[in-house]
2 protein chains.
Amino acid sequence: MEQYKIVIDLLGSDKGPETVLLGASLALKEFPNLFITLVGPKALVNEKKDELGLDMSRIKVINAEETITNYENPYTGIMNKPNASLVQAMKEVGKEEENYAGMITAGNSGAILMGSFRFLSDENKTRPCMAAVLPNGKGAYSCVVDTGATIDCSAGQLHSFARLGSDLMKKMYKIESPRVALLSNGAEATKGNHLVKETYPLLKEDETINFIGNIEGNQTLTGDADVIVCDGFAGNQVLKNVEGVARQLITDIVKLSKKRERPEFMEVAQYLMKSYDISALGGGLVLGARKLIIKARGNSDERAIVNISRMMLNHASGEAVLTQEQRNDALR
Amino acid sequence: MEQYKIVIDLLGSDKGPETVLLGASLALKEFPNLFITLVGPKALVNEKKDELGLDMSRIKVINAEETITNYENPYTGIMNKPNASLVQAMKEVGKEEENYAGMITAGNSGAILMGSFRFLSDENKTRPCMAAVLPNGKGAYSCVVDTGATIDCSAGQLHSFARLGSDLMKKMYKIESPRVALLSNGAEATKGNHLVKETYPLLKEDETINFIGNIEGNQTLTGDADVIVCDGFAGNQVLKNVEGVARQLITDIVKLSKKRERPEFMEVAQYLMKSYDISALGGGLVLGARKLIIKARGNSDERAIVNISRMMLNHASGEAVLTQEQRNDALR
C-alpha cells in the first residue's frame with residue numbers, strides 16, 4: 001500500500017489543539033498508510049501521546065507555539081510571525097523532497113490564502129481561492145468558488161477562480177467539460193450586481209471553460225452547474241445558508257415528531273442530519289497552490305479532521321474526494 | 001365590517017394576466033369587505049367575468065395593455081410608458097381621495113422601486129426598499145431588507161433600509177425595540193465586504209435603532225435578529241437559498257419514503273412543504289412609500305394573489321401580516 005505524508009497545523013482551531021491532535025490520532029488509526037507531520041506545541045504531543053495511543057513512528061513534530069488569530073491582519077500575521085504554526089506548516093509542506101500530499105489547518109482563512117500565495121505559489125503566481133464541494137440533487141457534486149478567501153473580488157479574480165474550479169472538477173470527478181455558472185440574482189444576462197455584470201463577458205469569451213450563464217440562489221444544490229462562481233462574501237452565504245436552513249428544517253421535524261407523538265419521524269431527521277452535516281463534509285479546498293491545502297472550519301471537531309485526512313488521501317491517490325458510493329450510502 | 005380598496009396590476013406576471021385575474025376573483029370571494037381596482041386589459045376582464053363569477057359591483061377596471069418587461073430598463077420604462085399598467089396602477093393607488101389600502105403587482109422589481117419613488121414618495125423622499133418577512137425558529141418573524149430592489153447599495157442606503165425595516169417590525173409585530181443586524185461573513189465587527197464594513201459604524205451610531213452587530217448566513221431563520229440588513233444581491237440570495245435548500249431536503253424525504261417503503265414519511269414532507277412555501281408567504285413588501293405595495297413573485301399563482309390580498313387587509317386593519325395563529329396552525 002502506498003504511503004502518504006500530510007502536514008497538520010495543530011493551532012488555530014476554536015476547540016484548541018487538543019481536538020485537532022485527537023483527530024490526527026484517530027486518522028492514524030483509521031489509515032495505516034498515513035504519516036503526519038504535526039506543527040504545534042511539542043509539549044502537548046508528548047503529554048498526550050500515551051493517553052491517545054499515538055504511533056510516534058508515523059509522526060514527526062515541528063514545535064510551534066505561536067498562532068495567527070482570526071482577529072489579526074492576515075498580511076502582517078504571515079510577514080511578522082515566522083514562527084507561527086501556519087507559516088511553519090506551509091514552509092514544511094512546500095519542501096519538494098518531502099513529497100507531501102497536502103496540509104490541513106483550521107487557521108485564519110485570510111492568512112491561509114496569503115501564506116499559500118507567498119510560500120506555495122505555482123509558476124503563474126495564480127491567486128489562490130477557496131472551494132467547497134457540495135453533494136447535489138443529481139447525486140453528483142458541485143463546486144462553489146470562492147467560499148470566503150477573497151471577500152471583495154474583481155472580475156478578473158472571479159474569472160481565474162472559474163478556471164480553477166473547472167480544473168478541479170475535471171481532475172477530481174473526471175467531468176470532461178464542467179458546466180461553469182455565475183451566481184446571480186436572475187438567470188438573464190442583464191441581471192447581477194456590478195461585479196457579476198463585469199465578469200459575465202469574461203467567462204463567456206473564455207473558450208477553455210464551458211460557461212452556461214447565470215444561475216440563481218435556489219439552484220446551488222440542484223446540480224444545474226458543476227462549478228458555481230461567486231465572490232467570497234456570496235460563497236460564504238451559500239455555505240452558511242445551506243447549513244442554517246437544513247438545521248432549521250431538521251429542528252422542525254424533531255418538534256413535529258414530539259408534537260404528533262410520531263417517534264418514527266426521527267428517522268427522517270437523522271437521515272437529513274447525516275446528509276447535510278457540513279462539518280462532516282470536511283473543509284474548504286484551497287485551489288491555485290502547488291500543494292492541496294484543506295482548511296477545516298474553525299469549530300471542527302476531531303471527526304472533521306479524520307474526514308479531511310480521508311479527502312487528502314483520496315485526492316493524492318487520484319480518487320474522488322467523495323465517492324459516489326459514499327453519497328449513495330446515505331440513501332440505503 | 002370595514003371595507004378596504006386595493007389596486008391589482010394584472011400585467012407583468014410570468015403566468016399571464018389570466019392567473020392574476022383568477023387570483024383576484026378568488027380574493028373577492030374570500031374577503032367580502034374587499035374592493036379591487038384592476039389595471040389591465042379591460043377586454044380580458046369582460047371576457048372572463050361570467051366564467052370566473054366576478055362580482056362587478058366590487059370591481060373597477062382601468063384599461064391598460066402595455067407592460068414594462070423584466071428585460072427593460074426600469075427608469076426608461078417608468079418615464080416613457082405612461083400607459084403601462086404599473087404606472088397607471090401607481091398613479092391610481094396614490095390618489096388620496098380614493099383611500100386605497102395598497103397595491104399588488106408582479107411586475108419588474110426595478111420599475112416598481114423607481115415608480116414608487118416617482119409617484120408615491122413620502123415627504124422625505126426616502127428611497128424605497130423591498131422587504132420579506134420570514135417565519136423564524138423562535139416562532140416569530142424576521143424581516144430581511146433589501147431583498148432585491150437595489151442590487152448594488154451604498155452604506156447610506158443600507159442605513160436607511162435598516163430604519164425602514166425596524167419601523168415595519170415595530171408597527172406590524174408591536175416589537176418595542178427590534179434587534180437590527182447586518183448580514184456578514186462573520187460575527188466579528190472586523191468581518192464583512194467593503195459595504196458591510198462601511199455600514200457597520202453608521203448603524204452602531206444610530207440611536208434610533210437597536211443595532212446588535214453582524215450575523216452570519218446560518219442565522220437568517222434562527223430568530224437571532226428581528227431585522228436583517230443586506231444589499232439586494234445578498235437579500236435575493238437569502239430568499240432563493242431558503243427556497244432551494246428547503247426544496248432539496250423535501251425532495252430527499254420523498255425519495256427516502258419511496259426507497260425505504262415508508263409512506264408515513266410523506267407526512268413530514270407535506271408539513272415542510274406547507275411551512276416553507278415561499279410563494280404562499282406572499283411577496284416582497286415595498287417600504288418607504290406612501291402606500292403599501294406588495295410585489296408578487298413573477299411566477300406567482302392565483303393562491304399567492306389571495307394570500308397577498310390577505311396581507312394587505314391585515315396590514316390595513318392593523319393586524320400582523322401573518323398572525324402567530326397562522327404559524328402555529330402548521331404545528332398542529
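What's the Cα-based Rg to Rh of the protein assembly as shown, Rh via Kirkwood?
Radius of gyration relative to Kirkwood radius: 1.01.
Checking the cross-link filter: which lysines have an alpha carbon closer than 22 Å to that of B:LYS259, excluding same-chain neighbours under 8 positions apart?
Result set, ordered by chain and number: A:LYS138, A:LYS274.
Nearest 20 debye, what's the magnitude of the dipole of the protein assembly as shown about its Cα centre given +1 on Lys and Arg Cβ and -1 on Asp and Glu Cβ?
Rounded to the nearest 20 debye, it is 580 debye.
Cross-link partners among aspartates and glutamates for A:LYS258, C-alpha distance below 19 Å, same-chain residues fewer than 8 apart left out?
Reachable aspartates and glutamates: A:GLU267, B:GLU264, B:GLU267, B:ASP329.
Taking loop as defined by DSSP and a crowding limit of 14 other beta carbons within 10 Å, which trypsin sites (Lys or Arg not before Pro) in the range B:211-283 fit?
For trypsin sites (Lys or Arg not before Pro) across the range B:211-283 that sit outside H, G, I, E and B with at most 14 neighbouring Cβ atoms in 10 Å, the list reads B:ARG260.
Any idea what the relative contact order of chain A is, in percent, if you count C-alpha pairs under 8 Å spaced at least 6 apart?
Answer for chain A is 21 percent.
Counting pairs of alpha carbon atoms under 8 Å apart in space and at least six apart in sequence, what relative contact order in percent does the range A:1-119 give?
Computed value for the range A:1-119: 33 percent relative contact order.
Using +1 on the beta carbon of Lys and Arg, -1 on that of Asp and Glu, and nothing else charged, what's the dipole of the range B:127-279 about the Cα centre, debye to 20?
It comes to approximately 500 debye.
Which loop GluC sites (Glu not before Pro) in the range B:147-213, with loop taken from DSSP, have no more than 13 other Cβ atoms within 10 angstrom of their Cβ?
Of the GluC sites (Glu not before Pro), the ones in loops of the range B:147-213 whose Cβ has at most 13 other Cβ atoms within 10 Å are B:GLU176, B:GLU188, B:GLU207.
Calculate one ³J(HN,Hα) per residue across the range A:90-107 by plugging θ = phi - 60° into the Karplus curve 6.51 cos²θ - 1.76 cosθ + 1.60, and present them in order as whole Hz with x for glycine and proline.
5, 5, 5, 5, x, 5, 4, 5, 7, 6, 6, 7, x, 9, 10, 8, 10, x
Mind checking the range A:1-50 for GluC sites (Glu not before Pro) that DSSP puts in a loop (not H, G, I, E or B) and that have at most 14 other Cβ atoms within 10 Å?
A:GLU2
Filter the cross-link list A:LYS191/B:LYS48; A:LYS5/A:LYS197; B:LYS5/B:LYS48; A:LYS125/A:LYS171 down to pairs whose alpha-carbon distance in this structure exceeds 32 Å.
Check vs 32 Å cut-off fails for A:LYS191/B:LYS48; A:LYS5/A:LYS197.
Shape call for the range B:56-185 from the C-alpha gyration tensor, a ≥ b ≥ c root eigenvalues: rounded (a/c under 1.5), prolate (a/b greater than b/c) or oblate?
Cα axes put the range B:56-185 in the prolate bin.
Give me the compactness ratio for chain A, meaning the Cα radius of gyration over 2.2 N^0.38 Å.
Ratio of Rg to 2.2 N^0.38 Å for chain A: 1.01.
Just how large is the dipole of the range B:1-118 about the Cα centre, in debye to the nearest 20, putting +1 at every Lys and Arg Cβ and -1 at every Asp and Glu Cβ?
Roughly 140 debye for the range B:1-118.
Could you rank the peptides B:31-42, B:291-302, B:54-65 by their average count of other C-beta atoms within 10 Å per residue, with the highest value first?
B:291-302, B:31-42, B:54-65
Peptide A:187-199: average number of partner chain Cβ atoms within 10 Å per residue?
Average neighbour count from other chains, rounded to a whole number: 3.
What is the local net charge at A:ILE112, summed over the other residues whose Cβ is closer than 10 Å to its Cβ (Lys, Arg +1; Asp, Glu -1)?
So the surrounding residues net to 0.
Could you point to the residue in B:THR190, B:ALA149, B:LEU52 farthest towards the positive end of chain B's charge dipole, with +1 and -1 charges on the Cβ of Lys/Arg and Asp/Glu respectively?
B:LEU52
Give or take rounding to whole Å, what are the principal axis extents of the alpha carbon atoms in the range A:16-109, in descending order?
38, 29, 19
Among B:LEU203, B:ASN108, B:THR76, pick out the residue whose Cα is farthest towards the positive end of the charge dipole of the range B:56-206, where Lys and Arg carry +1 and Asp and Glu carry -1 on C-beta, about the Cα centre.
Farthest along the dipole direction, towards plus: B:LEU203.
Counting only DSSP beta bridges with both residues in chain A, what percent are antiparallel, rounded to the nearest 5?
Around 30 percent antiparallel, to the nearest 5.
Residues of A:216-226, mean number of Cβ from any other protein chain within 10 Å of their own Cβ, rounded to a whole number?
5
Could you tell me how far the Cα centroid of the range B:184-238 sits from the Cα centroid of the range A:48-112, in Å?
A separation of 33 Å, based on Cα centres.
Mind checking which of B:ALA269, B:VAL229, B:GLN219 is farthest towards the positive end of the range B:127-279's charge dipole, using Cβ charges of +1 (Lys, Arg) and -1 (Asp, Glu) about the Cα centre?
After comparing all options, I get B:ALA269.
State the dimensionless ratio Rg/Rh of the range B:127-279 (Rg: radius of gyration of Cα atoms; Rh: Kirkwood radius).
1.06
Report Rg (one decimal) and Dmax (nearest whole number) for the range A:17-56, counting Cα atoms only, units Å.
9.4, 26
What average number of partner chain Cβ atoms lie no more than 10 Å from the Cβ of the residues making up A:135-142?
The shielding value for this peptide is 1.
Enumerate the amide H contacts of B:CYS153 below 5 Å, restricted to partners 5 or more residues apart or on another chain; note that Pro and chain-start residues carry no placed amide H.
Sorted by chain and number, the residues that satisfy this are B:GLY232.
With the cut-off at 26 Å, tell me which of the pairs A:LYS295/B:LYS204; A:LYS15/A:LYS81; B:LYS174/B:LYS240 have Cα atoms farther apart than that.
From the list (A:LYS295/B:LYS204; A:LYS15/A:LYS81; B:LYS174/B:LYS240), the Cα-Cα distance tops 26 Å for A:LYS295/B:LYS204; B:LYS174/B:LYS240.
In what order do A:THR208, B:THR67 fall by count of nearby beta-carbon atoms within 10 Å, going from fewest to most?
A:THR208, B:THR67
Just so you know, all these numbers are worked out from the coordinates, no wet-lab data involved. Keep in mind that what you see is a predicted model, and the values were worked out from it rather than measured. Glycine gets a Cβ as well: all are built from the backbone with ideal geometry, and neighbour counts include every protein chain shown.
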